[in-house]
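Below: the structure, in structure tokens.
The values are calculated or read from the model by the stated rules, or taken from the named source; none is laboratory data. What you see is a predicted model, and the numbers here were worked out from it, not measured in a lab. Protein only, heavy atoms only, side chains kept; ligands, DNA and RNA dropped before computing areas. Shrake-Rupley method; radii C 1.70, N 1.55, O 1.52, S 1.80 Å.
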Amino acid sequence: NTNTNTSVSGNTAPDFSQYTNFIFTLTGNVTLTDPGDEVAGQSGIFVFIQDGTGSRTLSHAADQYFTAGGTAITLSTAANSIDVVPYFVQADGKIHLGAAQLAFADA
């Protein structure tokens, strides 16, 4: 199941109980917060689309989401840029974010 949200900004808790994939159009800076309903073994993708303004940033709750090397994910900032970030749930409260695939062309 895919959650498509065309206006995402501020603190955002993805609903992992209903969706595995998320397509978020960023209309402001976004912080991924604790979904509270993740299940070990769940995986999927986040698709982040910059709105017509662009320059939106992504951050995440440091005690819930983890990245390789502990580095922050930097999204493309051009207006209408499309980036894909995979995720895997190791356990409740341990969501691993994969490397961002940046600047997909809009099909």
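For segment 12-107, the antiparallel share of DSSP beta bridges with both residues in that region comes to about 50%.
Ranking Asp15, Asp92 by solvent-accessible area of protein heavy atoms (1.4 Å probe, all protein chains present), from largest to smallest, gives Asp92, Asp15.
Rolling a 1.4 Å probe over the protein heavy atoms of the chain, with every protein chain left in place, gives an accessible area that is 50 percent carbon and sulfur. When Rg and Dmax of the Cα atoms in Å is computed from the coordinates, the matching label among (1) 18.6, 77; (2) 12.8, 36; (3) 14.3, 40 is (2). Tally the DSSP beta bridges in segment 62-107 and give the antiparallel ones as a percent, rounded to 5. Antiparallel: roughly 65 percent of the beta bridges in segment 62-107. The candidates Asp51, Asp37, Asp106, Asp83, arranged from most to least accessible area with a 1.4 Å probe in the full protein assembly, appear as Asp106, Asp37, Asp51, Asp83. Accessible area per residue for the chain is 51 Å², calculated with a 1.4 Å probe on protein heavy atoms, without ligands, DNA or RNA.
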